[in-house]
Amino acid sequence: MRLMGVRSTLVFASIFLGACAGTVRRPTEAPTPVATTSSGARSNLPPLVLPPDSANGGNGSTVAVAELPVTVLPTIIGHRATQPTVNATPVGGVTRDANDQTVRIALAVSQQSAQLTATGAWNIYDAGTQKLLGELSASDVISAQSRDGTLILKGAQSQSVRGAMIARPAGAGSYISYGGHRYRGEIALAASGDGVLVINRVAVEDYLRGVVPLEIGTDRTQSESAAVEAQAIAARSYTYTRMDDGRPYDMVATTTDQVYGGMDAERPLSDAAISVTHNMVMMYGGKVINAPYHANSGGVTAAASEVWRSSDEPYLVSVSDRIPGTDHYYGEDAPRFRWTRTLSGSELSILLDRYLPKYSTARSGSVGTLRKITETGRTPSGRIAGLIFETDRGSFAVRGNDVRSVLRTASGDLLPSTLFTFDEKTDRKGQVTSLTIHGSGNGHGVGMDQWGAIARARAGQDALSILRTYYPGTTIGRVI
């Protein structure tokens, strides 16, 4: 990430994670915010007026923590600036305001056309000039297409806008809708080379309201609230590490980043968890961490280097999810704690022809007849380090986590995990006729095991104990 000539500053009240992983859940008291010096606006948009529930977190609290010295972090891009940017050229027409905590989520990257409406009164603006383009009502619809860098608007407003336009609610209880879903904040439509870019600019805490229930599950119960709180802190931490004004948007609304469903995804339990953990993030070495998480580890999480082409982080190490003193695991109730997948010879042939060239040295086209599959080794957590696919045209090595993409289903579902064993069958000609995979877990396996966190919450562990287990050595800070 680049600073673009602006020194961004965050101040955190840093607090050490709570007691060890076996403690009983107890009330949590959020750290006292530390005031920061007001800075000039960086946005080229009219101010985003946040409703009271967005601008201020709830005072209800649940996690007792010790306050440590305040740390100033100049490493988060585009959140706050010590001084206004002079003659800044916005990217994609949407930047953040210096006095709010907002994030830009791409709801669609290259739509042929995009259609907006609202639940009440709303206005549209030219993002470049801040000119009011129209005052609209709930019955009005705007559609937009991109042509040579210009937005062509049709419907309630028919005009052309160079670059980007902003749709913003004009009254209480009004929300902009896109794709049949309601969104808090505002929505920008920007002309891009391939179509229309749709961006939701929204307060971070409101963004999390549309993320947390979809990531941890919309049917969580009160007994599992500690897991939901842990999910809120992990998701918030990831969000702040993704902020970068050097890009047209910060994240997309899919599993590529975090699944985001806007207002329609919100649930009371997750809203309460976000309020309780208001502005809390995980830190290591004085910096906010990128906190990965996954559905289920299969009994043991993986270090970062086991899965991705990256060096290890001290807080992303392999962690056993075994319940102490037993042969059981916290996450064993997960739907894919144990699973089996069988692929026929014809299915393998199609998959290898399609995906081996993307993940190995194989050339596009037919990669040949599969003769044998060999594992290259095991990682410290027991996962497949890689597979070698031997065909009559050569041997092609695929790295561990990439194996999930190669051995996907015909419908595109990735292999659940790389924690597996396999059996292959061959015919008299030595051709592989079937592959049966017996696996554990679901997801990349790094960081927090979500089903493990749910089980730990049921067992009485609090949110900070859960986070300390899956991200050892981290502390908690509060963005202010």
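What follows draws every value from the coordinates through simple rules; no lab data is involved. Computed from a prediction, not measured in an experiment: that's the story for all the values here. We place every Cβ from the backbone using ideal geometry, glycine too, and count neighbours over all the protein chains shown.
With N counted as the residues of the range 292-446, its alpha-carbon radius of gyration over 2.2 N^0.38 Å works out to 1.08. Cβ crowding within 10 Å ranks V161, V259, V228 as V259, V161, V228, fewest other Cβ atoms first.
Could you list L132, L269, L208 in order of exposure, starting from the residue whose Cβ has the fewest other Cβ atoms within 10 Å? Provide the component values of the computation, followed by the final result.
Numbers: L132 12, L269 20, L208 28.
Taking fewest neighbouring Cβ atoms as first place, the list is L132, L269, L208.
The convex hull around the C-alpha trace of the range 161-312, projected and averaged over every direction, spans 11.9 square nanometres. R162 label point, 7 Å along Cα→Cβ, cut-off 19 Å on backbone N: hits in the range 112-138? Correct set: 125-134. Near Q112: Cβ cut-off under 14 Å, other residues only, Lys/Arg at +1 and Asp/Glu at -1. The net charge is +1. Listed from fewest to most Cβ neighbours within 10 Å, the set W451, W308 follows the order W308, W451. Under 23 Å of direct C-alpha separation, and excluding same-chain neighbours fewer than eight residues apart, K425 reaches these lysines: K372. Cross-link partners for K131 among the lysines, with Cα-Cα distance under 19 Å and sequence neighbours closer than 8 places in the same chain left out: K154.
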